[in-house]
Amino acid sequence: MIRLLTTRAPRPSNISAVHQKINSFVCSSLCGFSAQAANQTQQNPSSINRPSSHFDSYMYGALLQRCLQNDDPISAMGLHCKILKRGNCLDLFATNILLNVYVKAELLSEAEILFDEMPERNTVSFVTLVQGYAQCLQFSEAVGLFTRLHREGHELNPFVFTSILKVLVSMEYAELGWNLHACIYKLGHESNAFIGTALIDAYSVCGCVDFAREVFDGIRCKDMVTWTGMVACYAENHFFQEALEAFSQMRLVGFKPNNFTFAGVFKACIGLEALDIAKGVHGCVLKTRYEYDLYVGVALLELYTKCGDIGNVQQIFEGIPKTDVILWSFMISRFAQSDQSEKAVNLFCRMRQSFVVPNQYTFASALQACATLGDLDLGKQMHSLVLKVRLDADVFVSNALMDVYAKCGRIEDSLELFEKSLNRNDVSWNTMIVGYVNCGDAEKALSLFLEMLENRAQATEVTYSGVLCASAGLTALELGTQIHSLTFKTNYAENTVVHNALIDMYSKCGRIRDARLVFDMMNERDEVSWNTMISGYSMHGLGMEALKIFQMMQDRGHKPNTLTFVGVLSACSNSGLLDEGQAYFSSMLQEYGIEPCIEHYSCMVRLLGRSGHLHKALKLIEEIPFKPSVMVWRALLGACVIHKNVELGRMSAQRILEMEPEDDATHVLLSNMYATARRWDNVTAIRQSMKKKGMKKEPGLSWIENQGRVHYFSAGDTSHPDMKVINGILEWLNVRTRRAGFVPDCNAVLLDVDTKEKERLLWVHSERLALAFALFRTSSGSQIRIIKNLRICVDCHAAMKLISKIVQRDIIIRDMNRFHDFHDGICSCGDYW
């Protein structure tokens with residue numbers, strides 16, 4: 001009746017064959033149904049063909065009936081042997097009982113043999129075996145037996161129709177119930193409550209609520225099950241108000257609700273967020289003593305979990321008998337899904353102490369909690385338990401195990417499970433793709449995506465979001481745009497999650513205008529959409545645009561969160577908007593109730609320090625209510641390097657090295673600061689210390705994508721096969737820029753060499769080599785995109801501005817902090833970086 005906490009079998013692929021059988025049956029029924037069958041009275045199946053003269057048949061029938069009642073198939077098989085030895089003296093009535101015993105015991109092969117050997121059969125025989133096939137998930141055989149029943153001219157009574165309707169619902173072919181409905185109407189069974197309830201259930205699965213209501217209204221003598229079916233139909237199809245109205249009408253006509261009715265009503269209350277009504281229904285549950293029922297208990301737990309009433313959740317859970325795994329699985333899954341992973345794990349341990357055997361859904365939820373906690377040891381223990389209970393082949397459990405190992409940094413173990421899995425689904429592929437993205441191996445993630453498409457696995461919004469994130473990490477614009485095109489061939493072109501990933505991809509690939517175009521085209525935006533767009537503008541140094549988006553977000557009724565303010569303060573920091581940044585930082589707690597975290601303090605330290613307020617930045621660090629992280633001190637050190645404050649910079653570096661003694665970036669920044677101040681002895685000391693510790697300065701690298709290939713360049717590189725052409729173009733650029741008045745800034749070279757050598761070294765910086773390569777390898781007038789692993793130097797920045805004007809090309813360089821969009825002699829950062 002109400003399909004709660006159950007799973008259907010996978011939908012078979014032979015719907016056309018099933019449809020053909022049903023249509024054949026309906027056509028013959030409507031055109032040539034015998035008058036005798038149409039006028040037969042409805043009888044109780046258990047009373048058909050009762051023997052009247054054979055004592056042995058009566059005796060064995062009674063004994064078989066007792067075996068059926070006691071659920072004792074072994075004794076029934078023993079009796080069957082004795083009966084066969086006596087010459088098979090069973091009549092049709094007793095044989096049907098024996099058939100039912102075999103079906104109930106799931107001894108389907110024995111049931112089939114008995115059925116085939118029966119000298120005569122009636123409707124009860126066929127219906128019993130149909131139910132046996134359905135019970136063993138052999139739905140096609142059940143449909144075939146149904147058509148045979150009709151072909152042999154047996155009576156089509158209510159038990160036949162309800163059985164085959166349940167089979168179609170289980171096959172997820174409930175839409176074929178239309179065909180049966182026509183025959184039911186022809187035979188005059190449309191007012192039968194038994195058949196009507198089965199039809200309501202079938203129409204409910206199809207979402208045909210109006211037809212279900214018509215069937216309901218046509219039933220003459222509605223019982224409690226019929227009313228419950230209609231309430232469930234409304235609730236399952238999100239007609240929540242109508243579900244409550246049907247419940248009220250049911251009470252008015254005098255029917256008392258049962259456990260399934262209450263489950264449907266609570267679902268409607270959750271859909272309407274009608275907590276007051278739900279509490280009233282809860283009172284009714286207490287009066288009727290259904291609070292200990294499993295279905296009602298789960299519905300109540302769902303209700304109070306959605307409302308955030310943890311006290312009631314705990315009270316209800318403790319009050320329900322916890323002998324069924326479903327209850328434990330529900331609570332563990334809710335804790336795991338609501339970021340209460342420790343409670344989920346503790347509840348799983350308590351379940352084990354209660355000697356309740358977990359099922360695949362329990363393990364999936366408990367493993368999800370382990371993955372969130374990053375607890376590898378606990379994940380391994382659960383993996384051992386999974387192997388012990390032989391659930392390792394289950395796709396839900398296998399996917400959860402992959403997720404645990406991936407999130408715990410053991411992606412190789414995840415891959416091993418993935419390759420061994422015989423039942424992969426879209427979640428399996430997505431888990432591996434996202435796992436590789438999070439581990440920083442974007443190329444492997446994209447390789448898996450291609451393999452997924454080759455295996456014709458169905459990509460979902462999670463898939464597209466993951467591979468777009470991988471494209472963003474590689475700044476692979478061409479691949480990202482291809483994936484964008486691919487989404488238009490699916491149902492995910494308008495999906496919010498995919499749109500958010502597209503905004504992020506275009507932003508990180510230097511196409512902020514395309515990112516804004518995707519943002520403007522969205523029909524629905526969530527918090528992630530707004531935050532991603534704000535962060536994109538921040539990354540490109542377009543602080544005022546980011547603040548406009550922030551204001552628009554509030555005007556549209558979206559409440560900013562912690563990540564929103566990270567983007568806003570970062571935008572202010574990247575654009576030098578000191579007053580605006582301080583105002584937004586103060587408003588976080590006062591107006592929005594958001595406690596600043598370490599990321600917000602880091603943005604403010606960077607903003608104050610970059611604006612020259614180094615001591616204010618230091619004071620802010622001292623006022624942080626928790627221990628400042630390395631991130632905060634690095635922000636102050638970077639500002640000290642820019643403003644050449646050696647003493648404060650040395651103190652900042654000292655604090656960083658106290659927390660991370662092997663941090664090579666800090667050693668390099670400190671060395672650069674001393675070199676700028678011409679304190680060469682200190683530079684030498686730091687470099688010797690780095691050499692002694694085995695640390696090396698990260699070499700400056702730039703790379704550019706061209707025709708699907710990525711070309712890498714390092715400072716002073718001579719290994720590229722096109723080096724002669726690159727050197728020629730660099731010499732031409734040197735001449736053109738000097739004619740235009742460019743003067744190299746030799747202070748950018750932090751080496752104790754003469755001026756001429758410094759000028760030579762500046763012209764072989766990695767980004768200039770990449771630029772020269774792009775000028776002759778890409779089409780004239782096209783945009784040039786270069787990625788750099790370090791901060792762009794002052795001299796290269798000035799040179800790029802002038803070159804963009806000389807060659808009339810847009811040049812976009814993404815360094816370690818942000819994007820620089822050079823256009824006609826101007827940079828998007830406004831020379832503030």
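Averaging Cα coordinates gives a centre for region 377-420 and one for region 643-662; these two points are 44 Å apart. Here the sum of -39500 (n - 2.57) over DSSP H runs of 4 or more residues, divided by the residues of the chain, equals -21000 deg cm²/dmol at 222 nm, to the nearest 500. Debye sum, Cα scatterers, region 609-697, no solvent: what log₁₀ I/I(0) at q = 0.10, 0.16, 0.17 1/Å? Treating every Cα as an identical point scatterer, log10 I(q)/I(0) equals -0.24, -0.61, -0.68. Could you tell me what % of all Cα pairs in region 533-595 have separations over 16 Å? Result for the distance tail: 37 percent. Rolled with a 1.4 Å probe across the full set of protein chains, the surface gives F139 an accessible area near 10 Å². For region 98-142, the convex hull drawn through the C-alpha positions has a volume of 60 cubic angstrom per residue. Across region 204-362, the volume of the C-alpha convex hull divided among the residues equals 121 Å³ per residue. Charges were assigned to the Cβ only: +1 to each Lys and Arg, -1 to each Asp and Glu. The resulting dipole of region 609-697 about its Cα centre is roughly 340 debye.
Fraction of C-alpha pairs exceeding 53 angstrom in the chain: 34 percent, rounded to a whole number. Protein-only accessible surface at a 1.4 angstrom probe places the residues V225, V253, V209 in the order V253, V225, V209, largest first.
Return the inverse of the average 1/r over all pairs of distinct C-alpha atoms in region 668-756, which is the Kirkwood hydrodynamic radius, in Å to one decimal. Its Kirkwood hydrodynamic radius stands at 16.2 Å.
The orientation-averaged projected area of the convex hull spanned by the Cα atoms of region 226-268 comes to 2.3 nm². Rg and Dmax, both from the Cα atoms of region 322-423 and both in Å, are 12.6, 38. Treating each Cα of region 710-751 as one equal point scatterer and applying the Debye formula with no solvent, the log10 of I(q)/I(0) at q = 0.18 Å⁻¹ comes out as -0.72.
In degrees, nearest 10, range 0 to 90: what is the angle between the Cα axis of helix 341-353 and the longest Cα principal axis of the chain? The angle comes out near 40 degrees. Here region 702-827 has 51 percent of its accessible surface on carbon and sulfur atoms, given a 1.4 Å probe and all protein chains in place. Considering every alpha-carbon pair of region 559-711, the percent of pairs per 10 Å bin, from zero through the bin containing the longest distance, is 11, 34, 28, 20, 7, 0.
Summary of the geometry: region 738-810 and region 489-543, compared by the centres of their Cα atoms, lie 31 Å apart.
What the Kirkwood sum gives for region 742-833 is a hydrodynamic radius of 13.5 Å, with every pair of different alpha carbons counted.
Computed over protein heavy atoms with a 1.4 Å probe, the carbon and sulfur contribution to the accessible area of region 609-697 reaches 52%. In this structure the amide hydrogen of R679, modeled in the peptide plane, comes within under 5 Å of no amide hydrogen from residues 5 or more places off or on another chain. Ranking V285, T666, I320 by Cα position along the charge dipole of the chain, where only Lys, Arg, Asp and Glu carry charges on their C-beta atoms, puts T666 farthest toward the positive end.
Rounded to the nearest 5, the antiparallel percentage of DSSP beta bridges internal to the chain is 80%. Accessible surface calculations at 1.4 Å, restricted to protein heavy atoms, place the chain at 48 Å² per residue. For region 533-595, with all protein chains in place and a probe radius of 1.4 Å, 50% of the accessible heavy-atom surface sits on carbon or sulfur. Averaging over all projection directions, the Cα-based convex hull of region 53-191 occupies 9.1 nm² in the image plane. Annotation: aspartates and glutamates with alpha-carbon distance below 15 angstrom to K166 (same-chain offsets under eight excluded): E141, E175, D201.
What the Cα convex hull of region 408-523 gives, in volume per residue, is 95 Å³. Axis of helix 562-575 versus longest Cα principal axis of the chain: the two differ by about 20°, to the nearest ten degrees. The spacing between region 430-475 and region 165-220, judged by their C-alpha centroids, is 44 Å.
The values are calculated or read from the model by the stated rules, or taken from the named source; none is laboratory data. Note that the coordinates shown come from a computational prediction; the quantities given were computed from them, not determined experimentally. Don't worry about glycine lacking a Cβ; one is built from the backbone with ideal geometry, like all the others, and counts go over all protein chains shown. Heads up: the accessible areas ignore ligands, DNA and RNA and are worked out on the full protein's heavy atoms, side chains in. Shrake-Rupley method; radii C 1.70, N 1.55, O 1.52, S 1.80 Å.
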